[in-house]
1. Only one of these conditions is not met by A:Q103: (1) part of a helix (DSSP H, G or I); (2) farther than 30 Å from A:L210 by Cα. Which number is it?
2. Looking only at the range A:8-30, which residues are touching a residue at least 12 places away in the same chain (Cβ under 8 Å) and small (G, A, S)?
3. One residue is enough: does the range B:3-22 have a residue meeting the conditions more than 14 Å from every other protein chain (Cβ to nearest Cβ), modelled with pLDDT of 90 or more, within 12 Å of DNA strand C (Cβ to nearest atom) and under 18 Å from the mean Cα position of the chain (by Cα)?
4. Does any residue of the range A:180-191 turn out to be touching a residue at least 12 places away in the same chain (Cβ under 8 Å), more than 7 Å from every other protein chain (Cβ to nearest Cβ), within 21 Å of the chain's Cα centre (by Cα) and closer than 28 Å to B:F185 by Cβ?
5. Do you know which of the residues in the range B:37-78 that are closer than 17 Å to B:L96 by Cα and among the aromatic types (F, W, Y) is farthest from DNA strand C (Cβ to nearest atom)?
6. With the condition kept exactly as written, say whether any residue in the range B:196-217 is more than 12 Å from chain A (Cβ to nearest Cβ), more than 24 Å from B:L113 (Cβ to Cβ) and at pLDDT 85 or above.
Number of protein chains: 2
Amino acid sequence: MVNKTTTQDKILDAAEQLFASTGFADTSLRQITGMAQVNLAAVNYHFGSKKELIQSVLQRYLSVLMPRLDQEFSQLLACQKQNDLTAVLSVFIKPLLELNKVQHHGTRMFLQLLGRGYTDVQGHLRWFFNHHYGRTLDKFVLLVQQACPDLPASEIFWRLHFSLGTVVFTMASNQALQEIAAADFNENVEIEGVIHRLIPYLAAGIASPLTLSGQTH
Amino acid sequence: MVNKTTTQDKILDAAEQLFASTGFADTSLRQITGMAQVNLAAVNYHFGSKKELIQSVLQRYLSVLMPRLDQEFSQLLACQKQNDLTAVLSVFIKPLLELNKVQHHGTRMFLQLLGRGYTDVQGHLRWFFNHHYGRTLDKFVLLVQQACPDLPASEIFWRLHFSLGTVVFTMASNQALQEIAAADFNENVEIEGVIHRLIPYLAAGIASPLTLSGQTH
DNA sequence: GTACATTTCAAACAAGTGTTTTAATTTAGT
DNA sequence: ACTAAATTAAAACACTTGTTTGAAATGTAC
């Protein structure tokens, strides 16, 4: 009886795979339990509801990632020197890539799930995330503000959400994008390559100079 | 019998409103026909299927917007001078804002629909768009390439998709973002204000200098 | 080995979906 | 005014969804 994968783990593994590729709403419990080779009722028995299953799937990654990020943010905040924006954004790289240790396709899968979580209109996920990890997020925003002292808080708010859009959308459609890139440009980028392309793009956008024209309000 | 709004228009108006706020998949035909005060079977009678209804809702805007964009792109391509990126992106502003003439909340509604179209996993919409307006899109890509002669095509491909993510995500969650901005920063931005904030952000990101570090491939 | 709690299973449930059908009604042409 | 086509209406259809039920099976402790 060595190496027995529990029913719960079988469900989580199948669910995360299907959620990532099909989205939360468009994945049925019957698909999940079918792939997991497990009885349909097992989901409700072990997780209570589909909603809680979704949260459990994300929690498996978040509980590893977020404390690491929180620690890195605190460290950067502690040393008083003004951090450059690229450095702040680069903090994400290592913790994200280390998710490959918690699951085979960890990083890619998690980012894809994150994308789904924000594009599907799953209100409870937003709440779940802010409730559990809101304070870590605040630290990050503080770091960005320190790196861009000339930008008003409202401008940073908008630009960070612009950036969130880039990340979420890129990750949600990551697979399709990589396939197109491979076909059209003969280049084979892993998730790590995408991340390294993203950071300078985001840094330039967030730090772009204020234009005082055109605003008709 | 003056000013009679046809059943089809009643359906389209209700559908676009519900699609924009709830998404395509999460809006049922019964909600639509309920709001439109129309019989359920009318949708299938007039549009054939829900899928075709979705396309019709988008088509009402696209058939106005895309020819205008195409014309502007062609014009920019004709004059040989090298266009700066901000100028190329700014081409979108006027045609987008003129959508307010085809419907009361035209611009905001259309952009929100566009966001839904890309975030919901509606494969047929991608196909529909590329099939009808692919060549207009090619002109835009060409303009961007001319504006950024130092960037390889593959890099432009990625950065344009990053930008698409920003636009789509911002527009899909536009309403929520505007509400937060109003509450936290006491600022009341219309859709026009958001567009004017977007363009310098996108331009900076797309034109960001190539970094030759970190790529481990 | 008996008693108890945990877990699995097949089946049914209640609610919602898009679509089709058939008849009634309205509209338009001559 | 009569006929034929176009539109509306109510009902049913076939199917999928998440969840619950109650009995069977399995595991655990004494």
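The values are calculated or read from the model by the stated rules, or taken from the named source; none is laboratory data. Source: prediction; values computed, not measured. Here the Cβ positions follow ideal geometry from the backbone for every residue, glycine too, while neighbour counts run over all protein chains shown.
1. A:Q103 satisfies all of (1) part of a helix (DSSP H, G or I); (2) farther than 30 Å from A:L210 by Cα except (1).
2. A:A14, A:A15, A:A20, A:S21, A:G23, A:A25
3. yes
4. no
5. Ranking the qualifying residues of the range B:37-78, first place goes to B:F73.
6. Checking the range B:196-217: not a single residue is more than 12 Å from chain A (Cβ to nearest Cβ), more than 24 Å from B:L113 (Cβ to Cβ) and at pLDDT 85 or above.
Residues are listed down the side, and each one gets a yes or a no for (1) within 12 Å of the chain's Cα centre (by Cα); (2) within 28 Å of A:S208 (Cβ to Cβ):
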{"residue": "A:V43", "(1), (2)": "no, no"}
{"residue": "A:K81", "(1), (2)": "no, yes"}
{"residue": "A:D84", "(1), (2)": "no, yes"}
{"residue": "A:L96", "(1), (2)": "yes, yes"}
{"residue": "A:L114", "(1), (2)": "yes, yes"}
